[in-house]
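Below: the structure, in structure tokens.
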Amino acid sequence: MQYRPLGMSGINASIIGFGTAAIGGMETQIPDDDESMRAIHAALDAGITLIDTAPSYGWGHSEEVVGKAIKGRREKVIIATKCGVWWEDERGSPNGVKDGKAVTVSLRPDTIRIEVENSLKRLGVDYIDLMQCHKPSIPPDETPIPETMGCLMDLKDQGKIRAIGVSNVSLDQLQQHQKSGYLSSDQFRYSMLLREREKDILPYCAEHNIATLTYWSLEQGLLTGKVGPDRVFKKGDFRGNAGEWLPWFKVENRQRLQDMFADWADLTEKHDCTIGQLMVACTAAQRGATHVLCGTRTVAQAIDNAGAGAVELETEEVRRIRGDVINLGDPV
């Protein structure tokens, strides 16, 4: 496993992170908490130290499962959680209804302080290593970034959080957060199929020593090599709805990807790795990409994802993979 700093926070974390959205529970899937905890233990045993969660993943359930799993292993874990998705009352800006809950975006200091206390309790810890704003504040109840960062800096001074990050922000918003406090990381969607962030966020983070936590880097399994043209998705699995809004999962595109993967047989043999591990390693090799979050539900997935952290590609191999990746049209 390779380890890299979370910006200038003084915290080192595995380049592979354990993503916990699925273990919180999804609309079409009831989580298996025992398997989730076994998966976390397997990940820690395999060298993964970074666990990324959020209160909104199962409305606190993901954090509770993580808290149970890391009991007795706290010193081996870098916990990254989030604030800003709020459902306890009407404070904040309306952001739709999910699972019957009216959700708002609130980065007000009063709700952030409540969220931090709730996360500490659910996780069973005395401090959070990385607290991230889940998404940017929006009108009509838009909290000025300096107020949000001021609150997070106060919590850092109190020892309740060690570092501050943001998620899903624009370059301008990233710069405003950086100017308003001590910013360590930025989390966003990025993969070899979706490279828009190479135009702005990634070079900026590289230049200013801000860590990046990329998610969906395997594009919901599409880049693992395991989702072939014959794959039949279970009822309710959004990947089976391969209409115009989800073109990447169309049968013909899955076949094109399989043909591409076949051309990399020499690379997977040389590095003794899977296609998924190759893609994660390539993602982590890009300028500015420091940490890759891999969504995980099972022990097998945890071990497989961790294996990507040991794959070190040569410059020419990275260039080759980038050049080979096909254009599947507009992103999902």
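Rg and Dmax of the stretch 204-256, based on Cα coordinates, read 15.0, 45 Å. Of the GluC sites (Glu not before Pro) found in the stretch 68-165, those in coil by DSSP whose Cβ has at most 15 other Cβ atoms within 10 Å are Glu88, Glu90, Glu142. Would you mind telling me the antiparallel percentage of the DSSP bridges in the stretch 91-235, rounded to 5? Rounded to the nearest five, the antiparallel share is 20 percent. Stretching the chain fully between Val232 and Glu314 yields a gain of 25.9 nm (0.36 nm per residue, less the alpha carbon separation).
A crude spin-label estimate for the pair Asp272 and Asn168, with each label 7 Å from Cα along the Cβ direction, gives 4.0 nm. Each label was represented as a point 7 Å from its Cα along the Cα-to-Cβ direction; for Trp59 and Glu117 these points are 2.1 nm apart.
For the stretch 274-291, putting each phi into the Karplus relation 6.51 cos²θ - 1.76 cosθ + 1.60 with θ = phi - 60° gives couplings of 8, 4, x, 5, 4, 5, 5, 4, 5, 4, 5, 8, 6, 4, x, 8, 9, 9 Hz, in residue order, rounded to whole numbers and with x for Gly and Pro. Share of carbon and sulfur in the accessible area of the chain stands at 48%, probe radius 1.4 Å. Ligands, DNA and RNA are left out, and with a 1.4 angstrom probe the accessible area of the chain is 44 Å² per residue.
Taking Cα centroids, how far is the stretch 277-303 from the stretch 197-232 in Å? Cα centroid to Cα centroid, the span is 9 Å. Just to be sure I understand: of the beta bridges DSSP finds with both ends in the stretch 26-174, what percent are antiparallel, rounded to 5? Antiparallel bridges make up about 35 percent of those DSSP assigns within the stretch 26-174.
Between Phe233, Tyr57, Thr104, whose Cα lies farthest towards the positive end of the dipole of the chain when Lys and Arg beta carbons carry +1 and Asp and Glu beta carbons carry -1, centred on the Cα centre? Looking along the dipole axis, the top candidate is Tyr57. Rounded to the nearest 20 debye, the dipole size of the stretch 255-302 about its Cα centre is 280 debye, using +1 on the Cβ of Lys and Arg and -1 on the Cβ of Asp and Glu. Mean residue ellipticity at 222 nm, helices only, the chain: -10500 deg cm²/dmol; runs of at least 4 DSSP H residues each add -39,500 (n - 2.57), and the sum is divided by the number of residues. Using all C-alpha to C-alpha distances in the stretch 211-290, build P(r) with 10 Å bins and read off the rounded percent in each one. Final binned percentages: 17, 43, 32, 8. Each DSSP beta bridge with both residues in the chain is either parallel or antiparallel, and the antiparallel ones are about 25%.
Close Lys pairs in the stretch 48-166 (alpha-carbon distance under 26 Å; sequence gap of 8 or more, or different chains): 29. From the Kirkwood radius over Cα pairs of the chain, Stokes-Einstein at 25 °C and 0.890 mPa s returns a whole-number translational diffusion coefficient of 121 µm²/s.
Magnitude of the charge dipole for the stretch 164-296, about its Cα centre and with charges confined to Cβ atoms of Lys, Arg (+1) and Asp, Glu (-1), is about 360 debye.
The values are calculated or read from the model by the stated rules, or taken from the named source; none is laboratory data. Owing to the predicted nature of the structure, the values given are computational and were not obtained by experimental measurement. Positions of Cβ are backbone-derived with ideal geometry, glycine not excepted, and every protein chain shown enters the neighbour counts. For the accessible areas, the whole protein counts, side chains as well, though only heavy atoms, and no ligand, DNA or RNA atoms are used. Shrake-Rupley method; radii C 1.70, N 1.55, O 1.52, S 1.80 Å.
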